[in-house]
Amino acid sequence: MATNSQTSLAEGKCAIIITPNDLEHQTTLDQKEFDYSKRSQWLRAAVLGANDGLISTASLMMGVGAVRQDIKAMILTGFAGLVAGACSMAIGEFVSVYSQLDIEVAQMKRDNQNKKNNQEVHVAEDDGGDGDDKESLPNPLQAAAASALAFSVGAMVPLLAASFIRGYKVRLGVVAAAVSLALVLFGWLGAKLGKAPVMRSVMRVLVGGWMAMAITFGLTKLIGSSGL
């Protein structure tokens, strides 16, 4: 009987020691997964906004460069693209995130009302839960500012690359090279922050940017040469 009691106690001690470790390990894994999922909103606004600014502004500048060789026309086109694109991104992101905010707030009110009706949660617990829920709600102004800033950062790359090059062909080459380097950097950064495959992300962004610039340059050249 003594042996059996000691065995039971030993097993109980083992259970007490092992179970918290397992729970702690599982909690750590859950926190890591949660952290990466929380990155999705600002990561999308920042990386995609920078890519949009880079590709759209560079494509506009390459398109104008297909029919106009003077540097002033290219710089003015790039600057107009930067301002218009940043405003468009900010307004679009603000409207989109505000719509998401309205939906989540309405759902949160319905959930809280159901809890009160079913008497599942005390008033004190409801107050704490509301605070946590409000902290997790999307911020339209923050998303709009992040999108506009990220777009502007991306758009500055081709603008700065073209600003100090007077030669027409050299300017086009420098812009294309600078944009390609920035596309690789943004693709790598997005993959690292999002824990995605690096090479696939870089090639997808790079090839997409090349295609956008080439199509814009080619079509503008075609239309310009036709005398329209």
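The values are calculated or read from the model by the stated rules, or taken from the named source; none is laboratory data. Keep in mind it's a predicted model, so treat the numbers as computed, not measured. Note: ideal-geometry Cβ built from the backbone for every residue, glycine included; neighbour counts use all protein chains shown.
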Suppose we keep only residues that are assigned to a helix (DSSP H, G or I) and among the basic types (Lys, Arg) within the range 157-189. Which one would you say is modelled with the lowest pLDDT?
Lys169
Taking the range 187-228 and keeping residues without any contact (Cβ under 8 Å) to a residue 60 or more places away in the chain and aromatic (Phe, Trp, Tyr) leaves Trp188, Trp210
So which residues in the range 47-98 are of a type outside the set (Gly, Ala, Ser), under 25 Å from Ser201 (Cα atoms) and under 23 Å from the mean Cα position of the chain (by Cα)?
Val47, Leu48, Asn51, Asp52, Leu54, Ile55, Thr57, Leu60, Leu82, Met89, Glu93
In this structure, does Ala143 turn out to be among the aliphatic types (A, V, I, L, M), touching a helix residue (DSSP H, G or I) at 6+ places or on another chain (Cβ under 9 Å) and within 30 Å of Gln107 (Cα to Cα)?
yes
Counted residues, the range 175-210 - those being more than 14 Å from Leu54 (Cα to Cα) and surrounded by fewer than 19 Cβ atoms within 10 Å (Cβ to Cβ):
13
Take the range 152-174 and flag every residue that is closer than 20 Å to Gly53 by Cα and touching a Lys or Arg at 6+ places or on another chain (Cβ under 7 Å).
Ala162
Restricting to the range 49-76, name every residue that is of a type outside the set (Val, Ile, Thr) and surrounded by fewer than 18 Cβ atoms within 10 Å (Cβ to Cβ).
Arg68, Gln69, Asp70, Lys72, Ala73, Leu76
